[in-house]
Structures are given as C-alpha cells and as structure tokens.
1. Of ARG175, ARG34, ARG147, which has the most accessible area and how do the rest follow, probe 1.4 Å?
2. Output ³J(HN,Hα) for region 86-95: one whole-Hz value per residue in order, computed from phi by the Karplus curve 6.51 cos²θ - 1.76 cosθ + 1.60 with θ = phi - 60°, and x for Gly and Pro.
3. Report, as a whole number in µm² per second, the diffusion coefficient that Stokes-Einstein gives for region 40-167 at 20 °C and 1.002 mPa s using the Kirkwood radius over alpha carbon pairs.
4. Could you work out the percent of alpha carbon pairs in region 133-178 separated by over 16 Å, rounded to a whole number?
5. Sorting TYR129, TYR90 by accessible area (1.4 Å probe), largest first, what list results?
6. Ranked from the most accessible area to the least, with a 1.4 Å probe and all protein chains present, what is the order of LYS122, LYS55?
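The values are calculated or read from the model by the stated rules, or taken from the named source; none is laboratory data. Keep in mind that what you see is a predicted model, and the values were worked out from it rather than measured. All accessible areas refer to the heavy atoms of the entire protein, side chains included, with ligands and DNA or RNA removed. Shrake-Rupley method; radii C 1.70, N 1.55, O 1.52, S 1.80 Å.
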Amino acid sequence: MKKWACVLALSLAAVGCGYDFGTSVRPAQGGSLRGVQLAVPVFFNDTFEPVLDKKVTEFIRRQFLQADGLTLANDVGAAPLVLRGVVRSYGLQTVSFRQGSVNEQRVSLAVEVTFEDRSARKTLWRQTYTTSAEFFQTSDLATNRSRQDLATDVACQEMAGNIVSHVFETLSDLRSAR
C-alpha cells in the first residue's frame with residue numbers, strides 16, 4: 001500500500017507542479033510568432049464523461065500559454081486562427097486482473113481537432129488524436145475515481161502537447177512559405 005501511495009503522490013506532484021512530461025512546446029524561432037492570435041473555444045463533448053470538454057480545452061490552452069510568441073484570443077470572431085475540437089470517445093479498458101478482480105485499467109481518449117485559418121477562409125488540417133493512461137484499482141471507489149481522474153489528466157496533457165506541437169509546425173511551415 002505504501003508503494004502505491006508513493007506512486008500516486010509522485011504522479012500528483014508531477015501533474016500539479018508544472019512538470020511537462022517532455023511534451024511542452026516552444027516555437028522554432030523565439031519571436032517568429034509574436035502577434036499571432038489564436039482562439040481555442042471549448043471543445044464539444046460527444047461522450048458521457050462529465051466536463052471532459054472543458055478539461056481537454058484547458059490543457060490545450062495551458063500548453064499554448066507556456067509557449068512564447070502566440071496570443072490566445074477570447075473572441076473566436078476576432079481571431080484569425082481557430083482551433084476547434086470534439087471529444088469523440090472516452091473509455092475504460094481492463095489491463096490486468098489479480099485474484100479475480102480488476103487490478104489495472106486504461107483510460108482512452110479520442111479528440112477530433114480542426115485548425116482553421118479564418119483570414120484565408122480555409123481549414124489547415126483536421127486530425128483525430130488518441131491517447132491513453134493506466135491506473136491501478138483499489139477496493140475504495142473514491143480512490144479509484146481519483147486515480148481515474150489523474151490518468152485522464154495525464155492523457156489530456158499528452159494529447160495537448162501533440163496538438164500544440166502540430167499547430168506550431170503548421171505555423172512555422174506557413175511562415176517559411178511566405
């Protein structure tokens with residue numbers, strides 16, 4: 001039990017302290033994106049998992065805020081670039097059993113994202129991202145839900161890093177083409 005408490009404490013500390021799991025992104029050239037405005041409206045939740053839309057959107061926004069050079073706009077109508085998304089699926093799969101009961105589960109998440117250039121009136125790309133994270137079960141339902149939420153956060157963090165990296169790659173390619 002001590003071992004799992006330590007693992008949980010370290011996981012919570014890693015997620016809560018700003019540790020970025022190696023997925024934090026920075027624009028390729030320091031100030032090359034200065035003045036670029038991007039809106040990230042709250043994603044649509046097409047699942048039965050409550051507040052997942054807000055959670056995914058918040059992780060993506062945080063990733064953008066950690067990267068210098070890009071400004072997040074609150075008004076979708078005023079921003080030339082918009083990142084929209086739909087949380088398409090959220091599920092739990094059993095990973096392992098122990099003595100007839102579930103020992104470990106995996107949270108799986110799929111989000112469809114569209115990156116639009118409103119000023120050019122075109123879709124730059126549309127892609128579905130999938131991630132997952134595992135967590136160990138206990139006999140306590142509240143602890144299990146807490147661990148499931150933590151695993152969901154880890155999956156959202158990884159997905160946000162991948163999405164934001166793709167946006168910066170696209171913007172860098174657009175800047176190079178000009």
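1. Result of the area sort, largest leading: ARG34, ARG175, ARG147.
2. Rounded to whole hertz, the list is 10, 7, 7, 8, 8, x, 10, 10, 7, 9.
3. D = 136 µm²/s.
4. It works out to 56 percent of all Cα pairs.
5. Sorted descending by solvent-accessible area, the residues read TYR90, TYR129.
6. Accessible-area ranking of LYS122, LYS55, largest first: LYS122, LYS55.
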